[in-house]
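One structure below.
Throughout, read-outs are computed from the coordinates displayed, never taken from laboratory work. None of the values given here were measured: they were computed from a predicted structure. Note that each Cβ is placed from the backbone with ideal geometry, even for glycine, and that neighbours are counted across all protein chains shown.
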Amino acid sequence: SYGPYERLLAVDRAGGRLASLPVIDPGQAGQAVGATRPVAMPTVRIWDNLQDWHSDMPAALELTGFDSLPYRGAFSEDGTRFLTLEEGGMLRLWDAEAGSLLMQREGVQAAYFVPGGEALFLQLTNGESWIAGAKEGALRQQFPLPAAEALFGEGGRVMVTYTPGEPVARLWRLP
């Protein structure tokens, strides 16, 4: 491969795609040859056709408009949506096929797709944890503390909430 190496952000198991973070170098932005050129501002690139990929192949999508560097990314189970979480606590939900921004919410510390892709588990910077709609971000259910992390089973119908280091974990049945 030619050019600077990009950091892997997420893998779309359903669609065989991946998302990467290119090198941020305003002085070299757009000057390098090839698809893996540096950028001036935080950008996420989504790549298709990984089995036939070569260094001059352009990314299928480039997502821009971030306030700070995304440190977490995830594709929904069906690969139609993509979430990014930035260092400043901004959650953005994207259409992973068109690249359009569907929703954004400030004050998010952690975010996961609930299996099935129709909802998100959010841990907010104020300590609250929610299940929110994956299209509009609206609150569907709030969980009592401690609930900083979530694990899912039975196709997203069973959830365990917990906070590392705390002695309490709770088991939930989701509708």
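When you have a sec, figure out the Kirkwood radius of the range 70-166 from all distinct Cα pair distances and drop it here in Å to one decimal?
On the way: mean 1/r = 0.0747 Å⁻¹.
Roughly 13.4 Å, rounded to one decimal.
Would you indicate which of [x] 9.6; [y] 10.8; [z] 12.5 is the value of mean projected area of the Cα convex hull in nm² derived from the coordinates of this structure?
So the structure-derived entry is [y].
Considering amide H positions built from the backbone, and no H for Pro or chain starts, which residues 5 or more places from GLN141, or on another chain, come under 5 Å of its amide H?
So GLN141 has HN proximity to ILE131.
Taking amide hydrogens as modeled 1.01 Å from N in the peptide plane, which residues meet the under 5 Å criterion relative to ASP12, leaving out close sequence neighbours?
When sequence neighbours closer than 5 places are left aside, the close amide H contacts are ARG17, LEU18, ALA19.
State to the nearest 20 debye the size of the charge dipole of the range 74-175 about its Cα centre, where the only charges are +1 on K and R beta carbons and -1 on D and E beta carbons. Please list the in-between numbers first.
Values: 8 positive and 13 negative charges, 63 e Å.
Using only the charged Cβ atoms, the result is roughly 300 debye.
Rounded to whole Hz and in sequence order, give me ³J(HN,Hα) for the range 42-52 from the Karplus expression 6.51 cos²θ - 1.76 cosθ + 1.60, θ = phi - 60°, writing x for Gly and Pro.
Along the range 42-52, the couplings run x, 9, 10, 10, 10, 10, 10, 6, 5, 5, 10 Hz.
What are the ³J(HN,Hα) values, in whole Hz, obtained from phi via the Karplus relation 6.51 cos²θ - 1.76 cosθ + 1.60 with θ = phi - 60°, for each residue of the range 124-136 in sequence order, with x given for Gly and Pro?
Here the 3J(HN,Hα) series is 8, 5, 7, x, 6, 10, 9, 9, 10, x, 7, 9, 10 Hz.
Around ARG81, which amide H atoms from residues at least 5 apart in sequence, or from another chain, sit under 5 Å from its own amide H, with H modelled in the peptide plane?
The list, which skips near neighbours in sequence, is SER76, ALA96.
Report relative contact order for the chain in percent, whole number only (criteria: Cα-Cα under 8 Å, sequence separation at least 6). Working shown, then result.
Numbers: 431 pairs, mean separation 19.9, N = 175.
Relative contact order of the chain: 11 percent.
With only Lys, Arg, Asp and Glu charged, each at its Cβ (+1 for the first two, -1 for the last two), find how big the charge dipole of the range 24-116 is about the Cα centre; round to the nearest 20 debye.
Details: 6 positive and 13 negative charges, 36 e Å.
With only Lys, Arg, Asp and Glu charged at Cβ, the dipole is about 180 debye.
Could you work out the Rg to Rh ratio of the range 95-139, with Rh taken as the Kirkwood radius (inverse of the mean 1/r over all Cα pairs)?
Numbers: Rg = 10.7 Å, Rh = 11.0 Å.
Rounded to two decimals, Rg/Rh equals 0.98.
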